[in-house]
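The values are calculated or read from the model by the stated rules, or taken from the named source; none is laboratory data. Everything numeric here is computed off the predicted structure, so don't read it as measured data. When we count neighbours, we look across all protein chains shown, and the Cβ atoms used for this are built from the backbone with ideal geometry, even at glycine.
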Amino acid sequence: MSQDLSAQTAKRAFAPETPEMLSRPTEIQAAVPLTSVRKVEADGVQVFYRVAGDPSTPVILLLHGFPTSSFMFHELIPRLADRYRVIAPDLPGFGFTEVPAERKYTYSFEAMAVTLDAFTRALGLNRYAIYVFDYGAPTGLRLAMAHPERVTAIVSQNGNAYEDGLGDAWGPIRKYWSEPTTENREVLRQNILTLEATRWQYTHGVAIPESVAPESYTLDTALMERPGNKEIQLDLFLDYASNLKLYPKFQEYFRRSRPPLLAIWGKNDPFFIPAGAEAFRKDLPNAQVQFLDTGHFATETHVVEIAAAMREFLEENGISRTADKVVSR
């Protein structure tokens with residue numbers, strides 16, 4: 001590829017998607033699928049999302065975690081969008097999703113799942129695979145339980161659904177669950193909701209911490225510093241206990257619906273430890289489990305490996321595009 005073409009490709013990689021572009025793909029687009037950023041109203045919320053890929057192909061819904069946003073998928077999306085319609089929303093309280101004050105939104109995992117459900121309906125998504133990470137797991141699994149017939153497959157990247165998977169790093173938050181005092185809330189504010197703590201989440205367990213680009217944790221911190229956002233995050237810390245109560249129902253969903261599942265896990269994650277990945281096999285004996293030598297935010301260091309594993313896994317389970325024909329399980 002010539003130098004000029006490379007520059008043009010990079011320049012157009014973030015250009016808005018248009019119907020003309022979709023109907024007349026170019027050589028450049030084939031090399032680098034375009035990612036658009038959009039908003040749609042769902043559940044009274046202006047949901048920001050990233051999207052790429054042919055609308056006629058199978059859908060993959062990417063669900064981020066704390067304290068990030070759909071930005072965490074900016075390198076994964078184009079690696080999947082040649083075969084799939086890839087959609088990554090920002091959950092309420094994160095990224096660039098806007099919740100009007102008059103909406104009087106209650107920030108909880110149940111509320112985020114309701115908004116996510118409305119989001120899928122707003123986009124007309126009737127069948128999709130879900131990629132769940134961190135907070136995206138209890139949110140996405142609520143959606144899967146509500147609409148098991150819509151979920152074609154699950155990719156869990158450090159997305160927990162078992163008590164086995166909770167590491168020691170949860171200690172201060174567990175204390176807040178048992179004693180939801182102002183003092184314990186302040187401990188979390190001062191020790192977790194900071195740039196230093198966010199950087200640590202990104203770099204802990206990474207062989208070469210300097211390989212993690214600072215844009216990631218810097219953006220997360222800047223968005224978290226918006227007026228009122230830290231209170232939202234503290235409310236969600238407290239509400240996370242509701243997810244543990246739902247673990248038996250998540251596991252019943254696995255046994256009953258038997259979705260194809262790939263658990264691809266940063267094995268050095270202090271929050272969601274490897275036992276959480278292995279635990280999926282209790283209820284889904286055919287679950288595929290892979291470990292990566294990295295930390296919590298595995299896409300920061302192993303996006304190539306994750307994309308390759310996803311493509312193989314989805315293809316094996318009949319979720320692919322073959323000769324312009326969509327084949328879904």
Out of L238, L223, I need the residue that is over 20 Å from the mean Cα position of the chain (by Cα), surrounded by 15 or more Cβ atoms within 10 Å (Cβ to Cβ), in contact (Cβ under 8 Å) with a residue 60 or more places away in the chain and assigned to a helix (DSSP H, G or I). Which one? L238
Top-ranked residue of segment 66-107 - restricted to ones that are outside any strand (DSSP E or B) and among the basic types (K, R), ranked as surrounded by the most Cβ atoms within 10 Å (Cβ to Cβ): R83
Test for F297: is it aromatic (F, W, Y), within 19 Å of the chain's Cα centre (by Cα), closer than 24 Å to T198 by Cβ and modelled with pLDDT of 95 or more: yes
Segment 259-272 residues that are free of Cβ contacts under 8 Å to residues at least 60 places away in the same chain and closer than 14 Å to Y162 by Cβ, paired with ones that are of a type outside the set (A, V, I, L, M, F, W, C) and surrounded by 22 or more Cβ atoms within 10 Å (Cβ to Cβ) (beta carbon under 8 Å, 6 or more apart): none
If L143 meets every condition in (1) out of contact with any Ser or Thr (no Cβ under 8 Å at 6 or more places or on another chain); (2) assigned to a helix (DSSP H, G or I); (3) of a type outside the set (G, A, S) apart from one, which number is that one? (1)
Check on Q201, part of a helix (DSSP H, G or I), touching a residue at least 40 places away in the same chain (Cβ under 8 Å), within 19 Å of the chain's Cα centre (by Cα) and under 20 Å from K104 (Cα atoms): no
Scanning segment 178-198 for residues that are β-branched (V, I, T) and in a loop (DSSP other than H, G, I, E, B), the one surrounded by the fewest Cβ atoms within 10 Å (Cβ to Cβ) turns out to be T181
Give just the number: which of (1) part of a loop (DSSP other than H, G, I, E, B); (2) in contact with an Asp or Glu (Cβ under 8 Å, 6 or more places away or on another chain); (3) over 23 Å from H296 (Cα atoms) does N268 not satisfy? (3)
